[in-house]
Amino acid sequence: MSLTVIKPGILDTIQDAGRYGYRGWGINPGGVMDREAFQIANSLLGNRASAAVLEMHYPAPKLRCNDGLVIAITGADFVPQVNGTSVPLFRPIVLAAGDMLSFSRPRNGRLSYMAIKGGIGAVDWMGSRSTHIKLGQGGYHGRALRKGDELFSGLCLAEKVPDNKLLDRLLPWYAAPDQFSPEEPILVLPGKEWGLLGPAAQDIFLGSSFIVQQYSDRMGFTLEGEALHISDNYSLVSAPVQYGTVQLLPKGQMVVLMADHQTTGGYPRIAQVIAAHRGLLAQRPAGASVRFRMTDIVTAERLWTERQAYLRQLQAGCLIKWTEIQHKN
Amino acid sequence: MQTPFPYSIHNLGDDALLIDFGNQIDLNLNAYVVQLHEAVTQGAIAPVKEVVAAYASLAVYYDIAEAVCLKGCAPSGQAYVQAAIEDIIDNFQPSGISYDRKLIRIPVCYDTAYAPDLAGLARSSGLSQEEVIERHTANIYHIYMIGFLPGFAYMGEVDERIATARKPQPTVVQPGSVGIAGRQTGIYPLASPGGWHIIGRTPAPMLQFDKEPPCLYKTGDRVQFYAITPDEFDRY
């Protein structure tokens, strides 16, 4: 059960929730940038929560299905098409041998996720199938996909696809997550060095809009906008950081550390993006604007636990649907 | 109970906490932090996933949902985890710097071909290249932390006479390169841009992907370098 890469995208990598326990050796967890999209994709297919998925940037790959498979696409809308006909996001799609999956344009967002029923077979390194590109470990042999690569599903699909009509292709359930919110402010907690920003700089941080720079990537998003200045000439010893740490660079620009960030840093930490909003930020493409809003720990925790409760319900609901379908056949 | 080093705790997001002991590189402080890392890990606070030690700080990464579930009367899951950490720190008895630490000996070739900055460093220190090598290999270094790159260990203290501020502009550094910046020495396990003065190269791999853990050393270990010839480097 496999898909072949006919034309690779600009950066397609296999990812899962990441590898934990190795930060002490400078190996950061990595994993999907948009955790919600990842969870929804696996839930739709009744996969284990830890199943590996394909994370795609735009331009996304063109893939040929070699035999019967079920997939689901979540995250950004790159207008996916099967044999030239549009297919919806957030819904299980049945593919037959010879079907071509392609993505025609980036309607919104930065990252699209494709899950395959049964998970994507990949190299497990240090407890995760996430691709560690710098070390060349994990995922698809430690690298982005190339032409000719084959993605295998972990499952054998017995159902025969009835015929080529689009409606039969879609299984009868879907997720309806929140609409993409390109204007929504990113919630943050104050960083350790937040107090070193004078009131003027704090006002700029919370009051103005910043633009995601072109060369932003999985390691970090550089933000362009009004410069912020710290009162003292500050030199910090290296300390551990986190996905979402907002660093202030010497010239007054900010970098937000993303999924593949270095494990430690020496720049002032002025804010921390809350876990529930990291995926939201991760989906801002180059040129998109970012506004920040300060929140508190209680709100942050509530947002996270509420989202996780919804995702658990979705997972349970989809599992029931899969059971029904399997019993019918 | 009075702790030997005062600390403050800050959030590192809503799923991590940073215990900060000040902005300094101090051997006694770091030895304490390394031991505390062990104590917090052994403390097995349920939501905690990972604990990381650095020069003068300790980061604790935890699961939000689990912390919220267990918080009881605490105002937040984070407050619950913070209280548990403070409890461990306040009751922790350090055993001084003489706790049992592994000593790792690392071979280094200091030949010109592998040491682009050795001559320059010797000149600016007013020493011969042999003296620089002697002073570099004489010390037993303490690993303060690993970060910046996988397996990049920040080690100290380097002999005062060969300590040199890092380069203003980073250059391309080959994997295995051994360098000096300030009173720290370190090894680049991967090719990387770097600002440290490169005085040698090791043929020994710092990262071993098929081993668990995948690194030759860990924070708190001790390291000593020994000189090898270019022939020995090739035959390693």
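The values are calculated or read from the model by the stated rules, or taken from the named source; none is laboratory data. Remember, it's a predicted structure, so these values are computed and weren't measured experimentally. Cβ: placed from backbone, ideal geometry, glycine included. Neighbour counts: every protein chain shown. Accessible surface is based on the protein model in full, side chains and every heavy atom, while ligands, DNA and RNA are left aside. Shrake-Rupley method; radii C 1.70, N 1.55, O 1.52, S 1.80 Å.
For every residue, the table says whether it meets (1) assigned to a helix (DSSP H, G or I); (2) closer than 24 Å to A:Val298 by Cα.
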position	(1), (2)
A:Val188	no, yes
A:Gly195	yes, yes
A:Ala200	yes, no
A:Phe205	yes, yes
A:Ser216	no, no
A:Leu223	no, no
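Please identify the pairs in which a residue from the stretch B:222-236 that is over 10 Å from B:Tyr110 (Cβ atoms) has its Cβ atom under 7 Å from the Cβ atom of a residue that is assigned to a strand (DSSP E or B) and of a type in the set (D, E, K, R), counting only partners at least 6 apart or on another chain.
Sorted first by the residue in the stretch B:222-236, then by its partner, the pairs are B:Gln224/B:Arg105; B:Tyr226/B:Arg105.
Within the stretch B:4-21, can you find the residues that are within 9 Å of chain A (Cβ to nearest Cβ) and either open to solvent by 50 Å² or more (accessible area, probe 1.4 Å) or more than 16 Å from B:Asp87 (Cα to Cα) (or both)?
If the condition is that a residue be within 9 Å of chain A (Cβ to nearest Cβ) and either open to solvent by 50 Å² or more (accessible area, probe 1.4 Å) or more than 16 Å from B:Asp87 (Cα to Cα) (or both), then B:His10, B:Asn11, B:Leu12, B:Gly13, B:Asp14, B:Asp15, B:Ala16 are the ones that fit.
For B:Ser76, work out the one condition from (1) more than 21 Å from the chain's Cα centre (by Cα); (2) open to solvent by 40 Å² or more (accessible area, probe 1.4 Å) it doesn't fulfil.
Failed condition: (2).
Yes/no matrix, rows are residues, columns are (1) of a type in the set (A, V, I, L, M); (2) over 15 Å from A:Val53 (Cβ atoms); (3) at pLDDT below 95:
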position: A:His132; (1), (2), (3): no, yes, no
position: A:Arg146; (1), (2), (3): no, yes, no
position: A:Val161; (1), (2), (3): yes, yes, yes
position: A:Leu166; (1), (2), (3): yes, yes, yes
position: A:Tyr174; (1), (2), (3): no, yes, yes
position: A:Ser181; (1), (2), (3): no, yes, yes
position: A:Gly198; (1), (2), (3): no, yes, yes
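Could you check how many residues of the stretch A:239-261 are open to solvent by 10 Å² or more (accessible area, probe 1.4 Å), assigned to a strand (DSSP E or B) and either within 15 Å of A:Asp34 (Cα to Cα) or within 12 Å of another protein chain (Cβ to nearest Cβ) (or both)?
Adding up the residues that qualify gives 1.
Quick one: count up the residues across the stretch B:140-155 that are within 14 Å of chain A (Cβ to nearest Cβ) and in contact with a Leu (Cβ under 7 Å, 6 or more places away or on another chain).
3
Can you tell me which residue is surrounded by the most Cβ atoms within 10 Å (Cβ to Cβ) among those in the stretch A:208-238 that are closer than 30 Å to A:Asn108 by Cβ and over 27 Å from the mean Cα position of the chain (by Cα)?
A:Leu228
Can you name every residue in the stretch B:108-165 that is surrounded by fewer than 20 Cβ atoms within 10 Å (Cβ to Cβ) and on the phi > 0 side of the Ramachandran plot?
B:Gly126
Cβ contacts < 6 Å: first residue more than 18 Å from A:Leu3 (Cβ to Cβ), restricted to the stretch A:40-64; second residue in a strand (DSSP E or B) and open to solvent by less than 10 Å² (accessible area, probe 1.4 Å), any location; separation 6+ or different chain. Result?
So the pair list comes out as A:Ile40/A:Thr74.
Can you name the residue in the stretch B:79-93 that is open to solvent by 20 Å² or more (accessible area, probe 1.4 Å) and in contact with a strand residue (DSSP E or B) (Cβ under 9 Å, 6 or more places away or on another chain) and is also nearest to the other protein chains (Cβ to nearest Cβ) among such residues?
My answer is B:Gln82.
Could you grab me the full set of residues in the stretch A:188-234 that are more than 13 Å from A:Val255 (Cβ to Cβ), out of contact with any Lys or Arg (no Cβ under 6 Å at 6 or more places or on another chain) and hydroxyl-bearing (Ser, Thr, Tyr)?
Within the stretch A:188-234, A:Ser208, A:Ser231, A:Tyr234 meet the criteria.
Sort out which residues of the stretch A:262-295 are in contact with a Ser or Thr (Cβ under 8 Å, 6 or more places away or on another chain), within 13 Å of another protein chain (Cβ to nearest Cβ), part of a loop (DSSP other than H, G, I, E, B) and open to solvent by 10 Å² or more (accessible area, probe 1.4 Å), and write them in order of number.
A:Gly266
Would you please name the residue that is farthest from B:Phe209 (Cα to Cα), looking only at residues in the stretch A:111-131 that are surrounded by fewer than 23 Cβ atoms within 10 Å (Cβ to Cβ) and touching a residue at least 24 places away in the same chain (Cβ under 8 Å)?
A:Gly118
For the stretch A:304-329, enumerate the residues that are within 9 Å of another protein chain (Cβ to nearest Cβ) and under 14 Å from A:Leu187 (Cβ atoms).
A:Trp304, the sole residue that qualifies.
What tally of residues in the stretch A:20-54 results from selecting those that are part of a helix (DSSP H, G or I) and over 30 Å from A:Val94 (Cα atoms)?
3
Yes or no: the stretch B:182-204 includes at least one residue that is open to solvent by less than 50 Å² (accessible area, probe 1.4 Å), under 26 Å from A:Leu135 (Cα atoms) and free of Cβ contacts under 8 Å to residues at least 12 places away in the same chain.
No: zero hits.
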